Amino acid sequence: AQTVTQSQPEMSVQEAETVTLSCTYDTSESDYYLFWYKQPPSRQMILVIRQEAYKQQNATENRFSVNFQKAAKSFSLKISDSQLGDAAMYFCAYEEYGNKLVFGAGTILRVKS
Amino acid sequence: DTGVSQNPRHKITKRGQNVTFRCDPISEHNRLYWYRQTLGQGPEFLTYFQNEAQLEKSRLLSDRFSAERPKGSFSTLEIQRTEQGDSAMYLCASSLARGNEQFFGPGTRLTVL
């Protein structure tokens, strides 16, 4: 079964600084999708960014970008110019062929003012 | 469209009772997913529907759990003879197609006393 590993249970960043959240995954497939989801405290999960495995170009959404290393099975999220509203639990997720998402354990991001 | 909705938002029940949760997906989404999330962990897949067909069930879904999606619209998740280990947040998500963003509802928090 595919697995997703987030090795950082908790990270802190100063407001306006940059932080990188790590994610590795295990799969034997060549065609798949990767996601970063954000879950603020007591609020619902929302998509941050999405990457298609067959695209070599790293996805970018405003202040959020990924470093997708397919051979290394690594998918890290970089948040630039961190804001207080970025504080949340971040989940890395892999979409299996059967369409379900497999999530990592999450990384709590704290933003200091 | 108001997004994915779930009812009730909170449910407290006594061990051994039956509970039923409802999920209303985004109207044009034919794919609907149920996940379970325990405190501090990533969501775990329970089951998946494409239209009214239940296409996959996790081994986490014991015989006490049943899900339906009549007419391919809303879905219900029923847990019979609840156990304390069933206490968790139950999340519903919907999407248009494989690889697309899954939109999550706010969840139903179940507490079994």
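The values are calculated or read from the model by the stated rules, or taken from the named source; none is laboratory data. Note that this is a predicted model, so its numbers are computed, not measured. Here the Cβ is made from the backbone with ideal geometry for all residues, glycine too, and neighbour counts use every protein chain on show.
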Practice problem: Determine if the range A:5-19 includes at least one residue that is under 20 Å from A:VAL102 (Cβ atoms), part of a strand (DSSP E or B) and in contact (Cβ under 8 Å) with a residue 40 or more places away in the chain. | Solution: yes
Quiz item: Right, A:GLN44: at pLDDT below 95 and either surrounded by fewer than 13 Cβ atoms within 10 Å (Cβ to Cβ) or within 12 Å of the chain's Cα centre (by Cα) (or both) or not?
Solution: no
Quiz prompt | Matching option when the condition is outside any strand (DSSP E or B) and either within 14 Å of chain B (Cβ to nearest Cβ) or touching a Phe, Trp or Tyr at 6+ places or on another chain (Cβ under 9 Å) (or both), among A:ARG43, A:ARG50 | solution = A:ARG43
Quiz item: Just a yes or no: is a residue in the range B:95-109 β-branched (Val, Ile, Thr), out of contact with any Asp or Glu (no Cβ under 6 Å at 6 or more places or on another chain) and within 14 Å of chain A (Cβ to nearest Cβ)?
Solution: yes
Practice problem: Working carefully through the options B:GLU83, B:GLU78, find the one that is surrounded by fewer than 13 Cβ atoms within 10 Å (Cβ to Cβ) and at pLDDT 95 or above. | Solution: B:GLU83
Self-check item: the range A:62-113, residues that are touching a residue at least 60 places away in the same chain (Cβ under 8 Å), more than 13 Å from every other protein chain (Cβ to nearest Cβ) and assigned to a strand (DSSP E or B)
Solution: A:LYS78, A:ILE79, A:LEU109, A:ARG110, A:VAL111, A:LYS112
Quiz item: For B:SER58, all conditions in the list (1) under 25 Å from A:ALA93 (Cα atoms); (2) away from every other protein chain (no Cβ under 12 Å); (3) modelled with pLDDT under 95 hold save one; what is the number of the exception?
Solution: (2)
Quiz item: Just to be sure, is B:THR47 facing chain A (nearest Cβ under 10 Å) and either in a strand (DSSP E or B) or not β-branched (Val, Ile, Thr) (or both)?
Solution: yes
Self-check item: Residue count for the range B:62-77, restricted to those that are assigned to a strand (DSSP E or B) and touching a Lys or Arg at 6+ places or on another chain (Cβ under 9 Å)
Solution: 5
Quiz item: Could we say that B:CYS23 is within 11 Å of chain A (Cβ to nearest Cβ), assigned to a strand (DSSP E or B), within 14 Å of the chain's Cα centre (by Cα) and touching a residue at least 60 places away in the same chain (Cβ under 8 Å) here?
Solution: no
Quiz item: In the range B:88-113, how many residues are buried (at least 19 other Cβ atoms within 10 Å of the Cβ), part of a loop (DSSP other than H, G, I, E, B) and among the small types (Gly, Ala, Ser)?
Solution: 2
